[in-house]
Amino acid sequence: MKYIVCENPNHFSIREGKEPDFTPGNAVLRVKQVGICGTDLHAFKGNQPFFSYPRILGHELATEILEIGQNNIGLSKGDKVVIMPYINCQDCVSCRAGKSNCCQKLNVFGVHVDGGMQEVISLPDRLLIPANELSHDEITIVEPLAIGAHALRRAGTKKGDNVVVMGCGPIGIGIIQLAKYIGATVIAIDINDYRLDLVSKKFNIDLAINALQSPVEKIKEFTGGNLAQTVFDATGSKQAIEGGINYMSHGGSFVLVGLFKGELAFQHPIIHAKETTIICSRNATREDFDFVIKVLREGNFNTGAYITKHVPFEKILSDFDTWASPDSKEVKVVAVL
Ligand SMILES: [Zn+2]
Ligand SMILES: [Zn+2]
């Protein structure tokens with residue numbers, strides 16, 4: 001079987017290898033599609049912390065079962081499955097508390113261990129979710145959307161809330177569209193007018209604001225002076241995060257979904273006066289995957305506008321770094337095996 005490996009930063013190669021053997025408790029899966037994610041790009045560029053090479057990337061996968069043993073989730077050979085790429089230990093304090101998404105010993109498939117840029121993979125049965133009713137495109141985007149679903153669940157966003165989403169990349173768009181599904185009023189903020197136009201036209205947001213054009217005043221005006229009950233950051237930018245606190249109402253929540261790799265500074269009197277709840281949101285759990293699968297099954301997500309490009313698997317070797325750069329017009333590129 002073929003696989004593509006990131007040998008060291010800025011260098012992929014394609015190789016031929018042996019297919020994984022079947023072992024009880026694990027399923028052998030054929031990879032049909034791989035979604036390309038910001039994490040993959042950072043790893044390729046060499047700016048992903050705690051990363052070791054060589055590494056097979058890819059964690060947003062559409063797969064089909066080639067071989068599976070006795071299981072109690074009703075899966076059999078030929079079934080389409082969503083994979084949860086978070087290989088948790090099942091034993092640490094967070095796993096035992098039901099927070100498998102932030103397991104102390106978490107290995108993300110395609111990040112900390114070799115992932116899905118291969119024709120055939122093997123994963124524990126417990127990380128598979130049946131998805132025969134979804135298309136391969138829908139299956140491919142369940143994981144990035146589940147990140148947004150988790151953030152919304154952490155925030156307790158409900159119908160009628162005003163929410164601000166900073167950053168209209170793949171994660172931000174997921175939060176936007178799922179917040180709309182829940183019934184929230186959504187204000188999207190970005191510095192890229194192309195992205196703002198895209199979310200206005202294809203993901204029916206309520207208001208789009210360029211972060212450089214007095215966002216606080218515009219949000220105040222739109223919300224009758226109240227500002228937003230919840231602000232989600234999906235940029236990972238220090239400037240956006242530190243400024244975004246000013247979009248939040250008194251008694252509101254500030255949810256960090258993007259990751260800035262350094263120190264953040266807030267004026268304590270400002271966050272104290274608002275009795276700010278600061279929430280970090282990492283990965284996703286089974287509940288979030290199930291919610292996204294439900295939304296997709298109901299046809300309530302614009303998959304066609306989210307996946308902007310399909311490419312043959314080998315294009316990863318030549319075109320990879322052009323897809324997820326900040327000035328790219330792509331939302332989600334999907335490699336087809
Ligand atoms: Zn991802
Ligand atoms: Zn654990």
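The values are calculated or read from the model by the stated rules, or taken from the named source; none is laboratory data. The shown structure was predicted, so the numbers you read here are calculated from the model rather than taken from an experiment. Glycine also receives a Cβ, built like all others from the backbone with ideal geometry; neighbour counts cover every protein chain displayed.
A few comments on the model shown:
- Which numbered condition A273 misses (of (1) under 28 Å from A43 (Cβ atoms); (2) modelled with pLDDT of 95 or more): (1)
- Condition check for D327: under 24 Å from A43 (Cα atoms), among the acidic types (D, E) and in contact with a helix residue (DSSP H, G or I) (Cβ under 8 Å, 6 or more places away or on another chain): no
- Selection from the stretch 196-243 of residues that are β-branched (V, I, T) and outside any strand (DSSP E or B): V199, I205, V216, I219, T223, T235, I241
- Here C37 does not qualify as surrounded by 14 or more Cβ atoms within 10 Å (Cβ to Cβ) and within 16 Å of ligand 2 (Cβ to nearest atom).
- Within the stretch 296-319, the set of residues being part of a helix (DSSP H, G or I), touching a helix residue (DSSP H, G or I) at 6+ places or on another chain (Cβ under 8 Å) and buried (at least 19 other Cβ atoms within 10 Å of the Cβ) comprises L296, Y306.
- Residue that is surrounded by the most Cβ atoms within 10 Å (Cβ to Cβ) [pool: residues in the stretch 74-114 that are among the charged types (D, E, K, R), away from ligand 1 (no atom under 16 Å from the Cβ) and closer than 24 Å to P49 by Cα]: K99
- Residue in the stretch 39-57 that is touching a residue at least 60 places away in the same chain (Cβ under 8 Å) and among the small types (G, A, S) present: yes
- Taken residue by residue, the stretch 60-77 has no member that is away from ligand 2 (no atom under 16 Å from the Cβ), farther than 18 Å from F291 by Cα and part of a helix (DSSP H, G or I).
- Taken over the stretch 220-241, the criterion of being surrounded by 15 or more Cβ atoms within 10 Å (Cβ to Cβ) and within 22 Å of the chain's Cα centre (by Cα) is satisfied by T230, V231, F232, D233, A234, T235, G236, S237, A240, I241.
- Residues in the stretch 33-47 that are within 12 Å of the chain's Cα centre (by Cα), of a type in the set (A, V, I, L, M) and assigned to a strand (DSSP E or B): there are none.
- The residues of the stretch 5-32 that are hydrophobic (A, V, I, L, M, F, W, C) and assigned to a loop (DSSP other than H, G, I, E, B) amount to a single one, F22.
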